[in-house]
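I have placed the structure first, in the form of structure tokens, so that the comments after it can refer back to it.
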Amino acid sequence: QVQLVESGGGSVQAGGSLRLSCAASGRSFSSYYMGWFRQAPGNEREFVARIRWSGGSTYYADSVKGRFTISRDNAKSTVYLQMNSLKPEDTAVYYCAAQRLGVSSYEFWGQGTQVTVSS
């Protein structure tokens, strides 16, 4: 069974850094995009970043470009989101997801990890 497990969330002051991890198991993700999303209270879930597992090409939302970096470790089957220069508006629950290449929707989702940024 496919499982995505996020970790690394916590509380940090504005300007600080956190690194989120997403441990992926249950199948090979060579034919998948791996994405990070976030959802703040009262807001709709929004896209943050994605990476193509095979090859490692990346894409970022404008709101995080230059501050966040998505990466993956093939040997550990883990996707990371390095978050620098954090802002209070980055506060949200962050979710890891997997989308098969050529398919419009994300099929698998993790449970989420809370990130809180104080001013």
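A short reminder: the numbers here are calculations on the coordinates, not readings from a lab. Since we're looking at a predicted model, the values are computed, not measured. No Cβ is skipped: glycine too gets one built from the backbone with ideal geometry, and neighbour counts run over all protein chains shown.
If packing is taken as the average number of other Cβ atoms within 10 Å across a peptide's residues, how do 23-30, 96-103 rank, most packed first?
The densest-packed peptide leads the list: 96-103, 23-30.
Under the definition of Cα pairs under 8 Å and six or more residues apart, what whole-number percent is the relative contact order of the chain?
RCO, the chain: 35 percent.
If you take the beta carbon distance between residue 27 and residue 114 as r and set R0 to 22 Å, what does 1/(1 + (r/R0)^6) give as a FRET efficiency, to the nearest 0.05?
Step by step, r from the Cβ atoms, then E = 0.20.
DSSP loop (so not H, G, I, E, B), at most 14 other Cβ within 10 Å: list which GluC sites (Glu not before Pro) in the stretch 6-71 pass both filters.
44
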